[in-house]
1. Please report the net charge: other residues with Cβ closer than 13 Å to the Cβ of Ile190, K and R +1, D and E -1.
2. Per residue, what accessible area does the chain have, given a 1.4 Å probe and all protein chains present, in Å²?
3. Which value, in debye to the nearest 20, describes the size of the charge dipole of the chain about its Cα centre when Lys and Arg Cβ atoms bear +1, Asp and Glu Cβ atoms bear -1, and nothing else is charged?
4. Taking amide H atoms as placed 1.01 Å from N in the peptide plane, list the residues 5 or more away in sequence, or in a different chain, whose amide H sits under 5 Å from that of Ser142.
5. Can you give me the three principal axis dimensions of region 442-485 from its C-alpha atoms, in Å, biggest first?
6. For the chain, with the dipole built from +1 on Lys and Arg beta-carbon atoms and -1 on Asp and Glu ones, taken about the Cα centre, which of Val534, Leu202, Leu410 lies farthest toward the positive end?
7. How far is helix 143-160 tilted off the main Cα axis of the chain, in degrees rounded to 10, range 0 to 90?
8. When the Cα centres of region 243-298 and region 540-565 are compared, how far apart do they sit, in Å?
Amino acid sequence: MPLTHASFRLPASARRFLPFLLWWPMVGRATLKHDLLAGLTGAIVVLPQGVAFATIAGMPPEYGLYAGMLPAVIAALFGSSWHLVSGPTTAASIVLFSVLSPHAEPGSAAFVQNALTLTFMVGAIQLGLGLARLGALINFISHSVVIGFTAGAAILIATSQVKHFFGIDLPRGSSFADSWGAVIAHAAEIDPYIFGVAGFTLGLGVLTQRLAKRLPYMIVAMLGGSLLSVALKAFGGPGAASISTVGALPGALPPLSSPQFTLGAFQDLATAALAVSLLALTEAVSIARALAVRSGQHIDGNQELVGQGLSNLFGSFFSSYVATGSFNRSGLNYAAGAKTPMASILASLLLVAIVLLVAPLAAYLPNAAMAGVLFLVAWGLIDFHHIRQILRAGHEETIIFGATFLATLLHNLEMAILLGVFLSLGFYLSRTSRPRVLSRVPDSRGERRKFVSDPALPECPQLKIVRIDGSLFFGAVSHVQEQLRALEAEQPGQKHLVIVASGINFIDLAGAEFLAQEARLRRAAGGDLWLIRVKPQVRETLENGGYLDYIGADHLFEGKSEAFAHIYARLDREVCRRCDKRIFRECAAPAIRTRTVVPLLPAAAHS
């Protein structure tokens with residue numbers, strides 16, 4: 001029987017610091033065959049992607065390849081996913097370009113130095129979050145934020161390549177509006193040779209995607225654009241000389257590098273590092289969990305944070321910029337039959353061999369072809385399916401998506417992510433601070449007299465029954481008070497209150513104080529307060545804070561039958577004799593109806 005993640009047991013410390021020992025016993029001749037094939041496929045795909053993503057990030061093209069080497073190995077060894085492949089990605093690249101371009105010229109030595117420093121900071125933040133077991137923080141970045149940011153980033157990717165796609169000169173750092181405005185204003189100046197190569201590359205990539213899905217469309221498109229460029233330069237006349245190329249890549253291993261360890265550098269990049277960290281972690285953990293659903297594997301979110309953090313920390317010393325989980329390459333890795341993280345490790349090793357062999361050929365790759373490929377990448381990033389779902393889901397998700405999308409286009413990207421997070425939290429707090437307060441009444445039409453919220457059914461003139469659905473914490477107390485006062489104004493005679501607490505999952509000191517105060521107010525008015533189906537964690541808070549002494553332990557009931565048998569005896573008997581509602585079973589019992597009034601308990605425990 002082959003070993004699985006669940007059947008191989010390790011001490012908790014070993015699982016945390018040496019997680020690769022969990023899957024290493026699974027590696028064998030059969031798995032290596034599948035992993036080698038998946039690794040070779042991944043190495044071929046990351047070659048054009050790495051160059052493209054480095055171009056997006058404003059880095060020299062070879063740095064995109066370096067980011068796909070060592071970081072992928074470290075993430076595979078110290079993460080928890082069997083199929084996640086780390087390396088350069090579009091989202092991380094566009095954020096890197098956005099946050100660093102105001103500080104230095106893209107592609108310059110200063111820009112590269114800042115990128116390495118940012119990568120080190122991102123790795124330190126990710127590792128710290130993982131070691132502190134704070135992986136749950138990623139859950140605060142909602143799906144709508146990610147979709148909105150990705151769609152906006154996709155358009156910015158295309159915008160960043162406008163000058164290479166159309167052959168129009170643009171100032172560095174031109175905004176979204178300025179870039180496309182320049183295309184419209186200077187349409188007559190579009191270079192036909194550059195536009196021809198870019199358009200041909202784009203069209204060839206689209207056709208390959210649709211008609212030959214098994215072929216790596218990015219490689220096919222790049223080869224086609226490069227061949228057209230060579231042909232135009234040979235036979236197209238002097239005008240074709242305007243077609244510039246990427247230039248030969250260094251066919252060597254990643255050189256050693258060093259981030260800038262100065263207080264000033266850390267202060268300048270602190271906000272950007274936090275935003276990039278959250279984005280990169282969200283991307284990596286989301287991809288890992290999506291693939292785990294298919295493979296049946298359990299993902300440890302905190303261990304993924306540790307793996308991603310270590311990959312960026314080590315990568316910053318080996319000429320890598322920010323690496324994170326890649327959806328395209330991870331999905332391809334799983335689809336290609338990868339069985340263990342060895343597939344990602346083998347892909348990195350094979351990428352090294354491929355770079356050493358084909359790096360000089362990049363001298364024939366035109367920038368226009370790269371622009372065409374990046375237009376393809378940008379289009380593929382826009383998730384139209386989920387955008388439609390968000391727009392149909394409701395106004396809150398639409399606002400979060402729209403605000404993040406527009407902020408991505410019109411503001412810096414790290415602020416777009418933070419805006420989306422704050423909006424998500426704001427809407428969440430708004431919802432949780434307004435728990436539903438539902439009027440309930442026994443349905444006398446059924447034998448079991450289930451509680452329902454039917455306004456057509458009669459209520460007891462002395463007793464109000466409500467159910468609170470939601471946590472009773474400091475932000476919700478005011479809303480619940482207002483709802484109860486409104487119900488009290490409608491029926492002033494209902495001085496007794498029963499709260500069905502089965503929907504209260506959490507209560508804080510403010511909520512407990514509110515219940516105690518409500519009990520005091522009810523008793524002062526000649527009524528009382530009872531709670532039914534109180535959850536253990538809620539009762540524990542009431543007991544630990546001493547609030548149960550005010551409410552009364554005998555005022556908490558497990559079920560409604562026991563509760564109403566107790567409560568009915570404390571109602572005003574004169575009102576009961578005149579009442580024709582008869583909504584409780586006790587109301588129909590003559591022996592109880594003729595009982596004398598039992599005075600309300602003013603005992604010291606309730607004072």
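The values are calculated or read from the model by the stated rules, or taken from the named source; none is laboratory data. Owing to the predicted nature of the structure, the values given are computational and were not obtained by experimental measurement. Cβ sites come from the backbone with ideal geometry, for glycine too, and all protein chains shown count toward neighbours. We work out accessible area using only protein heavy atoms, side chains counted, and drop any ligands, DNA or RNA first. Shrake-Rupley method; radii C 1.70, N 1.55, O 1.52, S 1.80 Å.
1. Values: positive: Lys163; negative: Asp169, Glu189, Asp191.
My count for the surroundings of Ile190 gives -2.
2. Details: 27310 Å² over 607 residues.
On a per-residue basis, 45 Å².
3. Working: 46 positive and 37 negative charges, 441 e Å.
Approximately 2120 debye in magnitude.
4. Here the answer is none, since no amide H 5 or more places off falls under 5 Å of that of Ser142.
5. Result for region 442-485: principal-axis Cα extents of 39, 20, 15 Å.
6. Val534
7. Between helix and principal axis, roughly 20 degrees.
8. Answer, in whole Å: 54.
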